[in-house]
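What follows is one structure encoded as structure tokens, with my remarks underneath.
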Amino acid sequence: MKTGLILEGGGMRGLFTAGILDVMMERGIRVDGIVGVSAGACFGCNYVSGQPGRVIRYNMTMRNEPRYMGIGNILRTGNLLDAEFAYHTLPDVLDPFDKEAFAQSPVEFHVVCTDALTGEPVYKRLTAPVDYEFMEWVRASSSLPLVSHPVDIGGRLLLDGGISDSIPLRYFQDLGYEHNIVVLTQPKGFVKKRTRLMPLFRTLMRRYPAIIEAMNRRHLMYNSQLAYLAQEESAGRITVIAPDDVLPIGRTEQNARRMQLVYDMGRRAAAQLS
């Protein structure tokens with residue numbers, strides 16, 4: 001039976017996921033494949049490369065680095081994260097991602113992006129070599145509209161995967177993953193509402209009408225996925241790990257105490273895995 005790991009996004013809420021992944025690595029809990037969305041993609045690849053502690057370490061180290069994340073980057077480049085620094089200099093030089101270990105791992109790694117022109121999900125299995133384009137796929141999966149430009153990969157413009165498929169359980173089930181562990185960054189019982197930023201989307205994303213429409217309906221998509229999770233969990237086909245309450249950190253917050261707190265909450269939540 002193939003076991004999959006589905007990782008929701010959520011920006012810095014993803015440190016909850018990082019805590020879970022680190023415990024899984026430390027305990028030798030293995031899966032056959034991972035599909036990550038946004039922060040789930042950025043952090044999930046470290047499970048494949050077998051690097052526990054890397055996510056919390058580099059986020060702590062870089063929290064005061066203006067090139068990593070901040071309003072200055074938006075003013076300078078149009079992206080919340082400096083693309084070259086965060087997705088290339090950091091993993092290549094400053095806190096190296098173990099490309100060789102990733103290449104040797106039997107664990108499949110998939111990411112989800114959104115086509116900026118159609119609003120439809122784009123699924124990509126990333127394999128070795130871990131090169132520039134590999135990291136651009138990870139960046140595309142994490143490129144939030146309004147604070148990121150679409151990422152051009154092979155002439156295709158891509159944005160954050162959470163816009164079109166926030167919790168890609170069905171995608172992995174269709175690939176033959178019979179049992180799946182789903183890691184959420186919102187508590188059970190959470191109900192998403194239509195974003196209050198729709199006026200901004202209509203103004204600033206007018207070149208991408210499909211993204212505007214996808215964001216307008218995202219809450220419906222997300223809540224439908226939560227209902228499906230509940231059905232699959234009740235049937236015993238999936239294991240869901242979610243925080244007990246709303247995580248005490250903002251999507252782009254870099255407060256060290258809260259970052260550590262959320263990471264530790266993830267580690268405690270992993271106790272239910274065997």
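Got a sec? Which of Ala270, Ala214, Ala210 is within 14 Å of Phe16 (Cβ to Cβ), surrounded by 14 or more Cβ atoms within 10 Å (Cβ to Cβ) and hydrophobic (A, V, I, L, M, F, W, C)?
Ala270
This table checks each residue for (1) part of a strand (DSSP E or B); (2) more than 21 Å from Arg30 (Cα to Cα); (3) in contact (Cβ under 8 Å) with a residue 12 or more places away in the chain; (4) of a type outside the set (Phe, Trp, Tyr).
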{"site": "Leu157", "(1), (2), (3), (4)": "yes, yes, yes, yes"}
{"site": "Ile167", "(1), (2), (3), (4)": "no, no, yes, yes"}
{"site": "Gly176", "(1), (2), (3), (4)": "no, no, yes, yes"}
{"site": "Phe190", "(1), (2), (3), (4)": "no, yes, yes, no"}
{"site": "Pro199", "(1), (2), (3), (4)": "no, yes, no, yes"}
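Cβ-Cβ below 6 Å, separation at least six or inter-chain, first residue in the range 1-21 and closer than 16 Å to Asn255 by Cα, second charged (D, E, K, R): which pairs?
Listed pairs, sorted by first residue: Gly11/Arg251; Met12/Glu253.
Output the number of the condition that Val55 fails; it satisfies all remaining conditions of (1) among the β-branched types (Val, Ile, Thr); (2) over 14 Å from the mean Cα position of the chain (by Cα); (3) open to solvent by less than 10 Å² (accessible area, probe 1.4 Å).
(2)
How many residues are within 13 Å of the chain's Cα centre (by Cα) and within 19 Å of Leu15 (Cα to Cα) when one looks only at the range 152-185?
9
Need the failing condition index for Pro91 against (1) surrounded by fewer than 17 Cβ atoms within 10 Å (Cβ to Cβ); (2) closer than 18 Å to Arg57 by Cβ, just the number.
Failing condition for Pro91: (1).
Here is a list of conditions, (1) part of a loop (DSSP other than H, G, I, E, B); (2) open to solvent by less than 20 Å² (accessible area, probe 1.4 Å), and Pro96 meets all of them except one; can you say which number that is?
With respect to (1) part of a loop (DSSP other than H, G, I, E, B); (2) open to solvent by less than 20 Å² (accessible area, probe 1.4 Å), Pro96 is out only on (2).
Yes/no per residue for (1) touching a residue at least 24 places away in the same chain (Cβ under 8 Å); (2) farther than 28 Å from Gly50 by Cα; (3) of a type in the set (Ser, Thr, Tyr):
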site	(1), (2), (3)
Gly70	no, yes, no
Glu84	no, no, no
Pro91	yes, no, no
Asp95	yes, no, no
Val122	yes, no, no
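I'd like to know if the range 218-239 contains one or more residues that are modelled with pLDDT of 95 or more, part of a loop (DSSP other than H, G, I, E, B) and buried (at least 18 other Cβ atoms within 10 Å of the Cβ).
Checked the range 218-239: no residue is modelled with pLDDT of 95 or more, part of a loop (DSSP other than H, G, I, E, B) and buried (at least 18 other Cβ atoms within 10 Å of the Cβ).
The values are calculated or read from the model by the stated rules, or taken from the named source; none is laboratory data. Model, not experiment: these values are computed from the prediction. With ideal geometry, Cβ positions are generated from the backbone for all residues, glycine too; neighbour counts draw on all protein chains shown. For the accessible areas, the whole protein counts, side chains as well, though only heavy atoms, and no ligand, DNA or RNA atoms are used. Shrake-Rupley method; radii C 1.70, N 1.55, O 1.52, S 1.80 Å.
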